[in-house]
Amino acid sequence: GLELSLTKLKGALEKDPGNLLTFTYAAEAGGLESLLYGTETDRVDRAIKAAAPDVKPGQPGARELLIGNAAVELSRLGTLEAPASTLAEVTKQLDDYLAKNDGDKWARWLKARAQLAAAERKAAKATLKVAADGDDGLPIAMIDQADLLVDEGSLDEAIALYDKALAKSKDHPLAVLGKSIARAESSVQAND
């Protein structure tokens, strides 16, 4: 789904290269792609740079810029000499946004990722649960929860969460990979 979104957004920008809202959607999708799959951040930076000066808080596209920027900054933490200040800034932006938009599951998931980066594992687990629960729960939050459960040796619970994520997002590569690693670690159904 993410790859398809990025392709469609590229096509939309080719048709209307000055559309700020399209740039914000490109920033969001590209930022998430960078965080999840380690892709290049240049196009995300260009999209943010193109839209950020003209999109003010509360306007259409502001949320997408926040999500894209938070995701891309979290994706870069491992390459920074002093990641603490970037992490603190991203955390503050997410906290400020979530104070007014408590039900935004994507912002909540990014908050959990920031908590994990800050070594706040217990808080991150609770935040991931909120992002994963309900009919609108995010498969990626379920996958992250399952990954943490695998780390703790709770393989049955982890497999159940991977299965739940796969039921919502068929053949999600991170769920398939996580489930395979969990099975291999437990030597259960290693051939599968």
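The table that follows gives values for the structure above.
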| item | result |
| --- | --- |
| Residue within the range 104-121 that is exposed (fewer than 15 other Cβ atoms within 10 Å of the Cβ), in a helix (DSSP H, G or I) and among the charged types (D, E, K, R) present | yes |
| Tyr162 vs. criteria farther than 20 Å from Lys179 by Cβ and surrounded by 14 or more Cβ atoms within 10 Å (Cβ to Cβ) | no |
| Residues of the range 122-146 classified as in a helix (DSSP H, G or I), open to solvent by 10 Å² or more (accessible area, probe 1.4 Å) and among the small types (Gly, Ala, Ser), total | 2 |
| Selected residue (only one of Leu149, Leu155 is of a type outside the set (Asp, Glu), within 24 Å of Lys122 (Cβ to Cβ), surrounded by fewer than 19 Cβ atoms within 10 Å (Cβ to Cβ) and out of contact with any strand residue (DSSP E or B) (no Cβ under 6 Å at 6 or more places or on another chain)) | Leu155 |
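Here is a yes/no grid of residues against (1) part of a helix (DSSP H, G or I); (2) free of Cβ contacts under 8 Å to residues at least 24 places away in the same chain; (3) over 19 Å from Ala141 (Cβ atoms):
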{"residue": "Thr24", "(1), (2), (3)": "yes, no, yes"}
{"residue": "Glu40", "(1), (2), (3)": "no, yes, yes"}
{"residue": "Asp45", "(1), (2), (3)": "yes, no, yes"}
{"residue": "Gln59", "(1), (2), (3)": "no, yes, yes"}
{"residue": "Arg63", "(1), (2), (3)": "yes, no, no"}
{"residue": "Ala70", "(1), (2), (3)": "yes, no, no"}
{"residue": "Val90", "(1), (2), (3)": "yes, no, no"}
{"residue": "Asp95", "(1), (2), (3)": "yes, yes, no"}
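The values are calculated or read from the model by the stated rules, or taken from the named source; none is laboratory data. What you see is a predicted model, and the numbers here were worked out from it, not measured in a lab. Virtual Cβ from ideal backbone geometry, glycine too; neighbours counted across all protein chains shown. These accessible areas exclude ligands, DNA and RNA; they are computed on the full protein's heavy atoms, side chains included. Shrake-Rupley method; radii C 1.70, N 1.55, O 1.52, S 1.80 Å.
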